[in-house]
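I have placed the structure first, in the form of structure tokens, so that the comments after it can refer back to it.
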Amino acid sequence: MKMDNRHDALNAAQTLLNAGADQIADALLEACLEGIEQARIQFYQGISYQQIAKDLEARSKFIRSQISK
């Protein structure tokens, strides 16, 4: 379940509205894995640790801004 912004999160919430706890837990774990996978891809592309950390920080700030809307 890919979530890039508040709209995606709202769509995911709507989908999970009637889901069971197991489905919700799976979706949350999948979202966490997506972020890890993105960093792994950057690493394998030869991007420096510093750049990966910078990109993760930028993504974190963006997600936090989406949460505060």
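The figures follow:
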read-out	value
Within the accessible area of the chain (1.4 Å probe), percent carbon and sulfur	59
Cα gyration tensor, the chain - rounded (a/c under 1.5), prolate or oblate	oblate
Ile47/Asp4 FRET efficiency (R0 25 Å; Cβ-Cβ; nearest 0.05)	0.80
Computed [θ] at 222 nm, deg cm²/dmol, the chain (DSSP H ≥ 4; -39,500 (n - 2.57); rounded to nearest 500)	-26500 deg cm²/dmol
Estimated inter-spin distance, Ser65 and Ala21, nm [label 7 Å along Cα→Cβ]	3.7
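The values are calculated or read from the model by the stated rules, or taken from the named source; none is laboratory data. Just so it is clear, the model here is predicted, and its values are computed rather than measured. Neighbour counts run over all protein chains shown; Cβ positions are idealised from the backbone, glycine included. The protein model used for the area step is the full one, side chains on, heavy atoms only, and it has no ligands, DNA or RNA in it. Shrake-Rupley method; radii C 1.70, N 1.55, O 1.52, S 1.80 Å.
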